[in-house]
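Beneath this line is the structure, given in structure tokens, with notes to follow.
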Amino acid sequence: MKVPIRTTANGTEYWDSEAKKVLFVPAGMMPSFEVTESPTTMLHKGETVKPLTDAPLFNLDGMTATQLREYAEENNIEVPGNLKKPDTIREYIEEQLAVDED
């Protein structure tokens, strides 16, 4: 299955789920393969997805203090009021998430 993933002024990129690579078609040219416009899945037939067990479920890097507090509230983590900097809030949330896993 080949699915369009990005279009630029130079052309269109397609993801080939069977070969696991990106195919490029220059602007103004038609692809020499069949394109699936609205896939229900990006998996190749017979392929399964392995669950991610050790990977973090959410990336906290780059979030502001306000965003981190909102994330903590959504996950029932009470952040102490004396934590103001994003780095310290992030560390606290990560510690609480690690404690919850144990």
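The values are calculated or read from the model by the stated rules, or taken from the named source; none is laboratory data. Keep in mind that this is a model prediction, so the values were computed, not measured. Here Cβ is always computed from backbone atoms with ideal geometry, including for glycine, and neighbour counts include all displayed protein chains. Side chains are part of the model used for accessible areas, which takes the heavy atoms of the whole protein and leaves out ligands, DNA and RNA. Shrake-Rupley method; radii C 1.70, N 1.55, O 1.52, S 1.80 Å.
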Discussion item. On the basis of being at pLDDT below 90 and in contact with a strand residue (DSSP E or B) (Cβ under 7 Å, 6 or more places away or on another chain), does PRO39 make the cut?
Written reply: yes
Item to complete: Kindly provide the set of residues from the range 86-102 that are among the charged types (D, E, K, R) and part of a helix (DSSP H, G or I), ordered by number.
Response: ASP87, ARG90, GLU91, GLU94, GLU95, ASP100, GLU101
Worksheet entry | Residues that are open to solvent by 50 Å² or more (accessible area, probe 1.4 Å) and touching a residue at least 12 places away in the same chain (Cβ under 8 Å), drawn from the range 87-102 | TYR92, GLU94, GLN96, LEU97
Practice prompt. Taking the options LEU83, LEU68, LEU23, name whichever one is part of a strand (DSSP E or B), modelled with pLDDT of 90 or more and of a type in the set (A, V, I, L, M).
Written response: LEU23
